[in-house]
1. Would you mind finding the one in Ile254, Ile208 that is among the β-branched types (Val, Ile, Thr) and assigned to a loop (DSSP other than H, G, I, E, B)?
2. Which condition breaks for Leu366 when tested against (1) surrounded by fewer than 20 Cβ atoms within 10 Å (Cβ to Cβ); (2) touching a residue at least 24 places away in the same chain (Cβ under 8 Å)?
3. Do you know which residues across segment 173-193 are among the basic types (Lys, Arg) and within 19 Å of Asn440 (Cβ to Cβ)?
4. So, Thr242, is that one more than 20 Å from Lys412 (Cβ to Cβ), in contact with a helix residue (DSSP H, G or I) (Cβ under 7 Å, 6 or more places away or on another chain) and of a type in the set (S, T, N, Q) or not?
5. Taking Ile439 and the conditions (1) open to solvent by 10 Å² or more (accessible area, probe 1.4 Å); (2) modelled with pLDDT of 90 or more; (3) within 18 Å of the chain's Cα centre (by Cα); (4) not charged (D, E, K, R), which numbered condition does it fall short on, given that it satisfies the others?
6. Could you check how many residues of segment 288-297 are over 17 Å from Thr227 (Cβ atoms) and either touching a Gly at 6+ places or on another chain (Cβ under 7 Å) or in contact (Cβ under 8 Å) with a residue 60 or more places away in the chain (or both)?
Amino acid sequence: MTMAMRPASARRRHSDLRTVRIWSPYGCLAMVIGSLSMICHLNGAATSAFVRPSTNCRLYYNERGQMMMLHATAKPRTGLAQWLLDIALASPIWTHVLVPQARASIVRTAEENNIPWVAAKEWLKNQEDAPWNDPQRAEEYRKIQYPEYYKKSFHAYSDGNLSYDAAFEQELASRAVGARNFPQYSSRGEDVFRGAFEEGLSKLGASIHRRGDHDNEVVIVDFGCGTGTSTRRLAKQYPQATKLIGIDLSPYFIDVGKLLLKLAPSAIDTSDDCSDKHGWITTIDSDERIQLRQGDIASTQLPSNSVSAVNLSMVLHELPIYAAKEVILEAHRILKPGGQMWISEMDFESPAYKAQRENALLFSLLRATEPYLDEYADGMRELRNFIADKFGVLKINAATGRHYALFAEKSKNCLSDKDSKRYNVLEDYRFREDGSYSINDTHLKPWESKLDTNT
């Protein structure tokens, strides 16, 4: 295995009391949760009751006797105070107090950044021929056999991704989060965010083309496509693709995505002198090459060796490790020899996310909406090695100050798993020579507001 891995930064960032300001409107409740967070911090620093290992990098030898650099990830705290904090976030306090307040905050963020959340959602919900107006449709969807891991609450929706409300708001929330994280770009923040992954993948070699005179189809499959935002972007990025298939387990998300493609709405004009507020938050172009399907991305039913590229945009962190491996194996199966897998994800080996994970309050709030986040963070290295051993070529770089882009190519030769491991290549470009992350973190901090960045 050839390596181009650089040492991770050994800096450690501690919890900051300013983070409690996130929940300052919630009064006494915030003080209770904030106090538990501080107890976690103090006990973690002073006693062995709370585990917080070193974030230094270290060397080890792999099974082939090659020296490797290991980038450490910060572990979440454990112990009584952390347990109490988790209990609070699993209680009705979280459901009936914090979630509505957080939701109101993100809607307000959207509207303040010229993202017409309320008008766009009402326009979508009120479509007369929409599938959500058919009561039999919901009954049919309840009969679908979903994997157990998928039935959990996600993103503060009690039914997770299995509801129309979550489907209506996916693109709205994504747009609002983009505006908050990249305030200098306002409503274009999400485009900048997604564009960073596209640029990172392009630098690693992401491309599609026909492989021989008899290769008539160039197919891209978008795993975990949601309502199709990423699928539509892929269609514009790769006009040479003959077909783009978006697959998602949620039939509710697929219904919304299909209707948006059918309606091909224009973006709502948010100017004060425009009285017509009908439309969507972005302009959507109809594209006959796009097919959105409900299905399990671990078992797509697509033919083996049939597609040119598989895309996974912010999908793996929502899966337990065993399910992530099944998805990766399915991607490998359906890819043609020489086909590519593209992954855009959170990087818990970056200083920004390591610091956030060390903060008991911040990470507990994040984990409350992402049930498999700890497992993903702990399993990043395991998944990377799994992909490298299966595909043969894996390259990874920083896309933002806290996210990575990963490129993997399926071997063009029919190698056994044993031979694939012998000849695989893993190249890691996320860190500079001095150990710092190669892209500075420009995300808005949780305790900051857009106004703070302008002063």
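The values are calculated or read from the model by the stated rules, or taken from the named source; none is laboratory data. Here the structure is a predicted model, which is why all the values come from computation and not from measurement. Every residue, glycine among them, receives a Cβ derived from its backbone with ideal geometry; neighbour counts consider all protein chains shown. The protein model used for the area step is the full one, side chains on, heavy atoms only, and it has no ligands, DNA or RNA in it. Shrake-Rupley method; radii C 1.70, N 1.55, O 1.52, S 1.80 Å.
1. Ile208
2. Unmet for Leu366, out of (1) surrounded by fewer than 20 Cβ atoms within 10 Å (Cβ to Cβ); (2) touching a residue at least 24 places away in the same chain (Cβ under 8 Å): (2).
3. Of everything in segment 173-193, just one residue is among the basic types (Lys, Arg) and within 19 Å of Asn440 (Cβ to Cβ), namely Arg180.
4. no
5. (3)
6. Residues meeting the conditions: 1.
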